[in-house]
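*Asks:* Supplied in structure tokens, the structure appears directly below.
The values are calculated or read from the model by the stated rules, or taken from the named source; none is laboratory data. Every value quoted in this text rests on a predicted model; they were computed, and no experiment measured them. In this analysis, Cβ positions are derived from the backbone assuming ideal geometry, glycine residues included, and neighbour counts consider all displayed protein chains. When the accessible area is computed, the model is the full protein with side chains, heavy atoms only, and any ligands, DNA or RNA have been set aside. Shrake-Rupley method; radii C 1.70, N 1.55, O 1.52, S 1.80 Å.
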Amino acid sequence: MIPVSWIFALSVLVFATGALGVLIRKNAIVMFLCIELMLNGANIFFVGVSKMRGAAEGHIFVLFMMAIAAAEAAIGMAIITAFYRRKGGVEVDRADLMKW
Amino acid sequence: MLKLILAVILIPLAGAMINGLFCWKTKRKAHLIAVPAIAIPAVISLVLFWKVAHGQRFDGTFYWWISVGNFRIPIGFLLDELSAVMIVTVTFVATWIHIYSIGYMDHETDRGYAKYFCYLNFFVFFMLTLVLANNYLLMFVGWEGVGLCSYLLIGYWYEKASAANAGMKAFITNRVGDFGFMIALFLLYKHLGSLIYHDVFASAHELTLPLATLITLLLFMGATGKSAQIPLYVWLPDAMEGPTPVSSLIHAATMVTAGVYMVARSHVLYNLAPFSMEVVASIGAATAMFAASMALVNNDLKRVLAYSTVSQLGYMFVGVGVGAYAAGVFHLFTHAFFKGLMFLCAGSVMHALHGELDMQKMGGLYNKMKITAITFIIGALAISGVPPLAGFWSKDSILHHAFVSGHKIIWFVGTVTAAMTAFYMFRLIFLTFFGEPRDKHIYEIAHENPPVMTIPLMVLAFFSATVGLLALLPGGGFEGFLNRLFEAAHHGAEHAAHGGHEAGGAAVLILISVLVAFMGIGLAYAMYMKHTPDPKKLTERFRPIYTLLYNRYYVDELYFALFINPTVGISRHVLWKIVDVLIIDGIVNGVARLCSLVGNLIRKIHTGFIPDYAWAILVGIIIVCGLKIIF
């Protein structure tokens, strides 16, 4: 039996990796992948808590979140594709319209 | 009775609304709505008058208009002898002037025609509100409303700069007077706690003498504006820029008498303040003479009549000022007929001559316009005080009361003014209707007007000749009727003075005033028909006086120098260039500049680089969570 604290540790590790990736990478697709990592870190946390409390709500939420993540992935990829066509690359520093 | 009163007031309003909202539909048929909208109230007014004559009165509330704590103002109406006389005068004269307008305004555009009748009905509505109100505030609503209609109608030909300016002049001059009126109302409310006539008059004796004097003087200040007395009379001559029936209705017969009505209505207050009464009588007498002197040399048909109106209003104030309220209101009543008539005649001449008003270019028009000429002469005889026409009875009554109440100087001024009145009126008649035509072209185009214009002239001429006879009715005649109201408050102080003098003294006074009237007429005849003495030579001889009179004592110039130019100068150089441009604009622009300065500094944090924002979010979350954990 895996202790719950391990599950939490894994969740934090995955989430932190994702957050770090979002913060330090410039490639929009990589950043996007990292966001998915963050989401999954949160999912693992849900599962861990659900397991700890012996209740099913966490599992159900995880299923919802995966569905939403899938939808978000489709939209995110569409935006990145459009961005690529317009700017000729996927580096986020190409988006500088909001710059002062 | 309330229903009848409401009908009298609201029917003209309905007429104004129909013509005002649907002028694109009514167009040239506007008079079909406007004339009945006045004629029906005129009939109802007669019914109401008949009821009042039989001893009925009405004082009641229709509904509460303002009710805030102790401050309660009703839309309420008071029908007594005074307001009954006023509504009959207003609606009756207005009816004939409306009919006359059908002919006079027929050259106007479709919309202008409907607009004109809309304003005219609207005016009557406000005038009736003014005279029927049972409290000072509602009266003030009517008071301002007639001022508004006066402004709109003076500026009826608003494309013309002089007309638009005259409208503004009238409005602004009235503001000065209304300022005093409003202060008086505030004082009344502060010290008596009500503005309803009934309550005010019942508790008026609680006012101290200085306070009563102050209030009545401030009320009179309002009256000097509305009724064109010294020093605020300057707007009335300029008001002649409006269409002539307007001058007739508003600036001769009805609106300008509102001040007299107001003083008569407030007689309870005035009786408490002898000094104010003296002021009213003195200003009235001074105005009567001053205005008459300016009419002596003026060559503009309508302006002579305008000065004459100012002068006659002065008489009315003499009447109310010496405590003869009934006489003052009687003169108001007769004056409405003959001055209204004379303005309509002047309009008839003007209409026939395509707008020409210079008497020096007229002459001999009697041959072309017999009805106009004869009705005008009847009006002039009435105003000059030739018995038994209307003006004789009322003017004589005022002079009589002035004399017996001990105001000998005022009586003398009034009598001299009567001679001047007769003179300038007949100067006007001889120059306009008799003698050789001085301008062939103008004489050629002259023609009598259609019956729609001449019938009102004849009707008003008939009444100008006969209404004075009401003074002979049993029970003290017209004035006796009004005195049922005034004497109740005025415990016959004056009655005592009456008794002794009467009979012999009165006859002499009447004889004197009739004599001076004939002297004035005779002098005018000698000068302008016989040319002995020749007016031209007299002009040369008394050049400085003539110039002074012809330029109206330079009062307009004086007001310009004293009030208007400094105001304009301060507005332009101080208020505009300094206060507005430097201070107000400076504050507004300064705030805007400060914002943009701060914005310029802060906007640097917007790098546009997405990871930076992500960092900001992360740091923010850590700080918030950290605070949450620590505390």
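*Asks:* Using 7 Å Cα-to-Cβ label points, what is the B:TYR550/B:CYS595 separation (nm, one decimal)?
*Replies:* Rounded to a tenth, the inter-label distance reads 6.2 nm.
*Asks:* Something else about it: Tell me which lysines have Cα within less than 28 Å of A:LYS87's Cα, excluding those fewer than 8 residues away on the same chain?
*Replies:* Within the straight-line limit of under 28 Å, A:LYS87 reaches these lysines: A:LYS26, A:LYS99, B:LYS604.
*Asks:* A further question follows. Using the beta-carbon distance between B:HIS354 and B:THR567 and R0 = 56 Å, what value does 1/(1 + (r/R0)^6) give for FRET efficiency, to the nearest 0.05?
*Replies:* 0.90
*Asks:* Here is a follow-up. Pairing the Cα long axis of helix B:136-154 with the longest principal axis of chain B, what angle in degrees results, from 0 to 90 and rounded to the nearest 10?
*Replies:* So the inclination is approximately 80 degrees.
*Asks:* How tilted is helix B:325-352 with respect to the longest principal axis of chain B? Cα atoms for both, answer in degrees (0 to 90, nearest 10).
*Replies:* On a 0 to 90 degree scale, this one is about 90.
*Asks:* A further question on this structure: Report the charge-dipole magnitude of the range B:504-631 in Debye, nearest 20, computed about the Cα centre from +1 at each Lys and Arg Cβ and -1 at each Asp and Glu Cβ.
*Replies:* Dipole about the Cα centre, nearest 20: 160 debye.
*Asks:* Out of A:ALA74, A:ALA28, A:ALA42, any idea which swings most in a Gaussian network model of chain A, alpha carbons joined below 10 Å?
*Replies:* With Cα springs under 10 Å in chain A, the top fluctuation among A:ALA74, A:ALA28, A:ALA42 is at A:ALA74.
*Asks:* Quote the total accessible area buried by chains A and B together, excluding ligands, DNA and RNA, probe 1.4 Å, nearest 100 Å².
*Replies:* Separately minus together, A and B give about 1000 Å² buried.
*Asks:* Right, another one. Are there residues in the range A:86-100 whose accessible area shrinks by at least 50 Å² when all protein chains are included rather than the chain by itself, and which are they (probe 1.4 Å, ligands and nucleic acids not counted)?
*Replies:* Output list: A:TRP100.
*Asks:* Another one. Simple spin-label model, 7 Å along Cα-to-Cβ: B:VAL43 to B:ALA616 in nm?
*Replies:* 8.1
*Asks:* Another one. How about B:LYS368: which lysines have a C-alpha closer than 19 Å to its C-alpha, ignoring those fewer than 8 places off in the same chain?
*Replies:* Answer for B:LYS368, where 19 Å is the Cα cut-off: B:LYS440, listed by chain and number.
*Asks:* Between A:MET1 and A:ASN27, take the C-beta separation as r, use R0 = 35 Å, and let me know the FRET efficiency to the nearest 0.05.
*Replies:* 0.30
*Asks:* Would you mind getting me the FRET efficiency between A:MET98 and B:VAL68? Use the beta-carbon distance for r and R0 = 51 Å, nearest 0.05.
*Replies:* 0.40
*Asks:* Quick one: if you stick a label point 7 Å off each Cα along the C-beta vector at A:LEU10 and B:HIS198, how many nm between them?
*Replies:* According to this spin-label approximation, the distance is 9.4 nm.
*Asks:* Charges only on Cβ, +1 for Lys and Arg, -1 for Asp and Glu: so what's the dipole of chain B about the Cα centre, in debye to the nearest 20?
*Replies:* Roughly 1060 debye, rounded to the nearest 20.
*Asks:* Continuing with this model, one more query. On a 0 to 90 degree scale, rounded to 10, what angle separates helix B:610-630 from the longest Cα axis of chain B?
*Replies:* On a 0 to 90 degree scale, this one is about 80.
*Asks:* Sticking with this structure for a sec: Starting from the Cα of B:LYS169, draw a straight line to each of the lysines and keep only those under 26 Å, dropping any in the same chain fewer than 8 residues away.
*Replies:* Cross-link targets: B:LYS115, B:LYS160, B:LYS226, B:LYS302, B:LYS339, B:LYS577.
*Asks:* How charged is the neighbourhood of B:TYR443? Take every other residue with its Cβ under 14 Å from the Cβ of B:TYR443, and add Lys/Arg as +1 and Asp/Glu as -1.
*Replies:* That works out to -2.
*Asks:* Further question: What longest range of chain B stays clear of loop-exposed trypsin sites (Lys or Arg not before Pro) (DSSP non-H/G/I/E/B, at most 16 other C-beta within 10 angstrom)?
*Replies:* Value returned for the longest uninterrupted segment is B:161-437.
*Asks:* Next question. How about the range B:202-254: which chymotrypsin sites (Phe, Trp or Tyr not before Pro) there are in a DSSP loop, with at most 15 other Cβ atoms within 10 Å of their Cβ?
*Replies:* Hits after loop and neighbour filter: nothing returned.
*Asks:* If the chain between B:ASP300 and B:THR466 were fully stretched, how many nm would it gain, using 0.36 nm times the residue separation less the Cα-Cα distance?
*Replies:* This chain segment gains 56.9 nm when fully extended.
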